[in-house]
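J.: Dumping the structure here so I can ask a few things about it.
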Amino acid sequence: MSMSRREFLRLGLAGGVALALPFGTSTCSGSGGGSTGTVLPSKARLSEPFQTPLPVPPVLEPARSDASTDYFEMVQKLGKAEILPGLETEVWGYDGIFPGPTVESRSRRKIVVRQRNDLPVPVSTHLHGGRTPPGSDGYPTDLIMPRGMKHYASMSGHGSMEMEDARRYKDYEYPNGQRAATLWYHDHRTDFTGPQVWRGLAGFYILRDDEEDALPLPKGEKDVPLMICDRSFDEEGSFLYPSLDSSLMGEPGVEDDYMDGVLGDTILVNGAPWPVMEVSNTRYRFRILNASNARRYELALDPEPGDSTSFVQVGSDGGLLGAPIDHHRIHIGQAERFDVVVDFSKYEVSTEVTLKNLLGDGKTANVMRFRVVRKEKEESTVPSRLSDMDEFDALGEADATRTREFRFTRVGDGGKVMWGINGEPFDSERMDARPELGSTEIWHLRVAPAAHPIHLHLVHFKVLSRNGRRTLPTDAGWKDTVDLTSGEEASVLVRFDGYRGRYVFHCHNLEHEDMMMMANFEVV
Ligand code: C2O
Ligand code: CU
């Protein structure tokens, strides 16, 4: 039996072989300020900012419904989009569009999404933030095969993995046994998540419930999902990404210079470069998602409203907060969501308000623009009490029956650098934690020498502390992803509710994830 790259690595470490790791290298370059990664410059001429109207992804209609369940269907396929003016971009999208169609569902109403694969590569779909049974969670090797592929033998060291007969679709079951929240779905194929999400495989999943419906928050046209991500483009307009093998069927990974992460030089919102949205002088709710591979943002409004803060946060990854939180700025790591209300009545009609990225420079310092174009009667408000958070408030350190520690660092494979957790690169065969169903644990997460947004599947958690001190205002509420910068640590309190079975936790810098910064836990 031949030995995989990972087995070599473990033996190397076990034998005490000294590894020369470039720990000293800077974790950002170009205009990636605050992000871990390297900017990939576009070859195409980029568009002028604030010209394209903000698109909003279409909401998917169910194919059919019965008493207990709504059934949806999506086809993952090639599509064409005009992202830069006059140029055509090939998209690998859910239903061929980027972002994919928005799935809307209701708390405790089950849905089934049939995903078909018409792409030339294997895919796996994960509902990020979903409390999902293990068979529908989009485990990285739980693949839907491309056309014409009978069996799958990965060339990336999964030699021992045996696949059943190829299937071309999979029914994902989402029981939705959780609160209203802004979730998203995206590709999770082992070793190739970074390039496949970059090509377009990501969409919103909005879960609603009666508690939220009853609130006087902005609704309808004024409840707007914003998927922020960065991309780069080649001359003809196609997405540029430094894959070692652009067919995504051979060697995984990116060119050495991009090991820390791939940063685009073009900021897209809902798939459009630096778009503009016309608004009335009223409140709007924005469900902000950072769907970037490696870029982190610090969002701010310019100008700031004179007598109040820019953003009133009403929800986090796991749904509504107990009470709103005012922010002048919002740090958002990859995969995090912030539900915020912006009150445009603080501006005169005809004001142009730019959503800035204070971590960017040059073009990446801008995200999008709002143009206050008309007066309108205000119908919404932000109540001082949003949601019943008794369960969250009651959850304390004393509930934890066990503490675990996970270090997110580089690991070396001879001269080659990868990323790992507690010194180990991902291995689908290795179980790294076995929490009991219904139990509560404290997980200490420490990261170096780069920023790592840490995500756990299945659960939402409470951030207890950062660096032994108080949490940040942006850590509030139920979280499924905690964004840590180099040298930071956080303690999170996790209740393993939901389902027994195998899940992953990982860094949501997608290049780190593909280069093995992932591990398994099994709820027993
Ligand atoms: Cu957003 Cu494991 O993923
Ligand atoms: Cu990372």
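All of the numbers you see were taken from the coordinates with simple rules; none came from a lab. The shown structure was predicted, so the numbers you read here are calculated from the model rather than taken from an experiment. Positions of Cβ are generated from backbone atoms using ideal geometry, with glycine treated the same way; all protein chains shown enter the neighbour counts.
J.: Going down the list Lys222/Lys462; Lys346/Lys375; Lys219/Lys462; Lys77/Lys170, which pairs span over 20 Å between their C-alpha atoms? All intermediate terms of the calculation are to be shown ahead of the outcome.
T.: Details: Lys222/Lys462 29 Å; Lys346/Lys375 12 Å; Lys219/Lys462 28 Å; Lys77/Lys170 15 Å.
Checking Cα-Cα distances, Lys222/Lys462; Lys219/Lys462 exceed 20 Å.
J.: Further question on the same structure: Do any GluC sites (Glu not before Pro) in the range 208-241 lie in a loop, going by DSSP, with at most 15 other beta-carbon atoms within 10 Å of their beta carbon, and if so which?
T.: On the way: sites: Glu211, Glu212, Glu221, Glu235, Glu236; in loops: Glu235, Glu236.
Loop-located and lightly packed - Glu235, Glu236.
J.: Additional query: Between Met249 and Gln51, what is 0.36 nm times their sequence separation minus the Cα-Cα distance? Round to one decimal in nm. Let's see the in-between values first.
T.: Details: separation 198, 0.36 × 198 = 71.28 nm, distance 3.71 nm.
Answer, rounded to one decimal: 67.6 nm.
J.: So who's got an amide H within less than 5 Å of the one on Leu240, skipping anything under 5 residues away but keeping other chains? H placed 1.01 Å off N, in plane.
T.: Amide H to amide H, under 5 Å and 5 or more residues apart or across chains, Leu240 pairs with Ser232, Phe233, Asp234.
J.: Trypsin sites (Lys or Arg not before Pro) within the range 424-477: which are DSSP loop residues with at most 15 other Cβ atoms inside 10 Å? Could the numbers behind the result be given before it?
T.: On the way: sites: Arg430, Arg446, Lys462, Arg466, Arg469, Arg470; in loops: Arg430, Arg470.
Counting only loop positions with at most 15 other Cβ atoms within 10 Å, the trypsin sites (Lys or Arg not before Pro) in the range 424-477 are Arg430, Arg470.
J.: Sticking with this one: For the range 276-384, just say rounded, prolate or oblate: build the C-alpha gyration tensor, square-root its eigenvalues into a ≥ b ≥ c, call rounded for a/c under 1.5, and beyond that prolate if a/b exceeds b/c, oblate if not.
T.: Details: a/c = 1.97, a/b = 1.18, b/c = 1.68.
Note, shape of the range 276-384 comes out oblate.
J.: Would you kindly derive the ³J(HN,Hα) couplings of the range 422-439 from the backbone phi angles with the Karplus curve 6.51 cos²θ - 1.76 cosθ + 1.60 (θ = phi - 60°), listing them in order in whole Hz, with x for Gly and Pro?
T.: For the range 422-439, the Karplus curve yields 6, x, 10, x, 4, 9, 5, 8, 9, 9, 9, 7, 10, x, 7, 4, x, 8 Hz.
J.: Continuing with the same structure: Just add up the charged neighbours of Asn281: K/R +1, D/E -1, any other residue whose Cβ is under 14 Å from the Cβ of Asn281.
T.: Charge balance near Asn281 sits at 0.
J.: Still on this structure: Please work out the FRET efficiency for the pair Asp210 and Asp307, using the Cβ-Cβ distance as r and a Förster radius of 41 Å; give the result to the nearest 0.05.
T.: Numbers: r = 34 Å, r/R0 = 0.83.
Plugging the Cβ-Cβ distance into 1/(1 + (r/R0)^6) gives 0.75.
J.: Averaged across orientations, what area in nm² does the convex hull of the alpha carbons in the range 391-524 project?
T.: 7.9 nm²
J.: Tell me, what is the FRET efficiency for Thr403 and Leu472 to the nearest 0.05, using R0 = 22 angstrom and their Cβ-Cβ distance as r? Working shown, then result.
T.: Values: r = 22 Å, r/R0 = 0.99.
Efficiency, rounded to the nearest 0.05: 0.50.
J.: Next question. For a Förster distance of 22 Å, can you work out the FRET efficiency between the beta-carbons of Lys43 and Ala365, rounded to the nearest 0.05? Display every interim value, and only then the final one.
T.: Details: r = 21 Å, r/R0 = 0.97.
With R0 = 22 Å, the Cβ-Cβ based efficiency is 0.55.
J.: Using only helices, what value at 222 nm comes out for the chain when you add -39,500 (n - 2.57) per DSSP H run of length 4 or more and divide by the total residues, to the nearest 500 deg cm²/dmol? Before the final figure, lay out the partial values.
T.: Numbers: 5 runs with 30 residues, N = 524.
The helix contribution divided over the chain gives -1500 deg cm²/dmol.
J.: Find out how many positive minus negative residues lie around Gly96, taking Lys and Arg as positive, Asp and Glu as negative, among other residues whose Cβ is under 9 Å from that of Gly96.
T.: Values: positive: Lys77, Lys80; negative: Asp95, Asp118.
Spelling it out: positives minus negatives among the neighbours equals 0.
J.: Separate question: What GluC sites (Glu not before Pro) does the range 34-103 have in DSSP loop regions with at most 13 other beta carbons within 10 Å? Spell out each step's value before the answer.
T.: Numbers: sites: Glu73, Glu82, Glu88, Glu90; in loops: Glu82, Glu88.
Of the GluC sites (Glu not before Pro), the ones in loops of the range 34-103 whose Cβ has at most 13 other Cβ atoms within 10 Å are Glu82, Glu88.
J.: Compute the separation of the alpha-carbon centres of the range 221-241 and the range 242-271 and state it in Å as a whole number.
T.: Between the Cα centre of the range 221-241 and that of the range 242-271, the gap is 14 Å.
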